[in-house]
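Asker: Before anything else, here's the structure in question.
The values are calculated or read from the model by the stated rules, or taken from the named source; none is laboratory data. Not measured: the values here are computed from a predicted model. When we count neighbours, we look across all protein chains shown, and the Cβ atoms used for this are built from the backbone with ideal geometry, even at glycine. Keep in mind that these areas ignore ligands, DNA and RNA; they rest on the heavy atoms of the full protein, side chains included. Shrake-Rupley method; radii C 1.70, N 1.55, O 1.52, S 1.80 Å.
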Amino acid sequence: MVKGKNGFGGELGHVLIPYQSIAGTSGIQPLCNCGRTGDLESLCSLTAIEKNLLPYFLPRYPGHELAKQNLHQAAKLVRGLADKGDALCKQIFRVQAHALGLFFDEMVNTFDPDALIVGGGALEASEEFQRWFLGEIRTGMPTQREEQAGIPIHVMPNGDTAGARGAAIEALQLARLGARK
């Protein structure tokens with residue numbers, strides 16, 4: 001974990017990505033709750049689906065069943081529908097995967113990692129959907145040098161609880177250190 005001087009180290013969700021290069025999103029202005037436009041969280045979160053992606057894509061799918069729901073409820077249904085092959089919902093996850101691909105490219109060039117890990121609720125879906133999603137992440141990554149192309153992308157177990165799990169592990173480690181003193 002990276003904490004940083006002010007406690008904001010590791011806030012990777014607020015790293016700006018070149019979202020304008022994602023195919024099929026011409027004119028989208030993905031706003032984040034932090035006030036930035038085009039950071040990872042503005043495209044890759046449940047809030048992003050509700051506030052940015054559904055409002056952008058629903059008009060392109062007239063009569064879609066999600067248009068009958070309020071956006072908050074509709075956003076919660078996108079994953080299940082995408083897993084079943086719904087074109088609108090798969091398009092939303094394709095945008096998210098390509099955004100992750102752009103982000104991963106930045107991280108590969110910054111940290112030279114041994115592996116990349118994907119977590120979150122997006123992957124609480126079938127194995128077939130997970131494979132498709134990971135393939136779309138690779139597709140969204142800019143052309144990579146040979147040494148980058150072989151970096152594996154893994155699915156983090158526990159999906160949407162991965163962050164809480166990491167925080168619990170950190171707290172446990174701190175408690176063990178305190179007990180030793």
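Asker: So, in region 64-79, of the ones that are in a helix (DSSP H, G or I) and farther than 18 Å from ALA122 by Cα, which residue ends up farthest from the chain's Cα centre (by Cα)?
Answerer: LYS68
Asker: Does ASP105 satisfy the condition of being surrounded by 16 or more Cβ atoms within 10 Å (Cβ to Cβ), touching a strand residue (DSSP E or B) at 6+ places or on another chain (Cβ under 7 Å), among the charged types (D, E, K, R) and touching a residue at least 12 places away in the same chain (Cβ under 8 Å)?
Answerer: No: the conditions fail for ASP105.
Asker: If the Cβ limit is 8 Å and pairs must be 6+ apart or interchain, which residue in region 1-18 that is at pLDDT 90 or above pairs with which residue that is open to solvent by less than 100 Å² (accessible area, probe 1.4 Å) and of a type in the set (Phe, Trp, Tyr)?
Answerer: Going by the 8 Å Cβ cut-off, the qualifying pairs are VAL15/PHE103; ILE17/PHE103.
Asker: Which of (1) without any contact (Cβ under 8 Å) to a residue 40 or more places away in the chain; (2) closer than 28 Å to HIS154 by Cβ is the odd one out, the single condition ILE28 does not satisfy?
Answerer: Among (1) without any contact (Cβ under 8 Å) to a residue 40 or more places away in the chain; (2) closer than 28 Å to HIS154 by Cβ, the lone unmet condition for ILE28 is (2).
Asker: Still on this structure, I have one more. Just to be sure, is HIS98 of a type outside the set (Val, Ile, Thr) and either open to solvent by less than 20 Å² (accessible area, probe 1.4 Å) or over 20 Å from ILE151 (Cα atoms) (or both)?
Answerer: So HIS98 fails the test.
Asker: Provide a single number: the residues in region 32-44 that are without any contact (Cβ under 8 Å) to a residue 60 or more places away in the chain, crowded, with 18+ Cβ neighbours inside 10 Å and on the phi < 0 side of the Ramachandran plot. Working first, answer last.
Answerer: Start the filter on region 32-44 by keeping residues that are without any contact (Cβ under 8 Å) to a residue 60 or more places away in the chain, which leaves 32-39, 41-43.
Adding the requirement that they be crowded, with 18+ Cβ neighbours inside 10 Å leaves 32, 38-39, 41-43.
Checking which are on the phi < 0 side of the Ramachandran plot leaves us with 32, 39, 41-43.
The number of residues fulfilling the criteria is 5.
Asker: What number of residues within region 118-137 are at pLDDT 90 or above and either of a type in the set (Val, Ile, Thr) or in contact with a strand residue (DSSP E or B) (Cβ under 7 Å, 6 or more places away or on another chain) (or both)?
Answerer: Total meeting the criteria: 4.
Asker: Can you find even one residue in region 44-54 that is outside any helix (DSSP H, G or I) and out of contact with any Gly (no Cβ under 7 Å at 6 or more places or on another chain)? Write out each step before concluding.
Answerer: The first filter runs over region 44-54 and keeps only residues outside any helix (DSSP H, G or I), leaving 44-45.
Filter once more, so that each one left must be out of contact with any Gly (no Cβ under 7 Å at 6 or more places or on another chain): 44-45.
There is at least one residue in region 44-54 that is outside any helix (DSSP H, G or I) and out of contact with any Gly (no Cβ under 7 Å at 6 or more places or on another chain).
Asker: When you look at PHE93, is it more than 25 Å from LEU16 (Cβ to Cβ), among the aromatic types (Phe, Trp, Tyr) and open to solvent by less than 60 Å² (accessible area, probe 1.4 Å), yes or no? Before you say what the answer is, go through the steps one by one.
Answerer: Numbers: more than 25 Å from LEU16 (Cβ to Cβ): no; among the aromatic types (Phe, Trp, Tyr): yes; open to solvent by less than 60 Å² (accessible area, probe 1.4 Å): yes.
Spelling it out, it is not the case that PHE93 is more than 25 Å from LEU16 (Cβ to Cβ), among the aromatic types (Phe, Trp, Tyr) and open to solvent by less than 60 Å² (accessible area, probe 1.4 Å).
Asker: Go over the candidates ALA175, ALA167, ALA115 one by one and state the one that is modelled with pLDDT of 90 or more and of a type in the set (Gly, Ala, Ser). Before the answer, list the steps.
Answerer: Details: ALA175 fails: modelled with pLDDT of 90 or more; ALA167 fails: modelled with pLDDT of 90 or more.
Answer to the check: ALA115.
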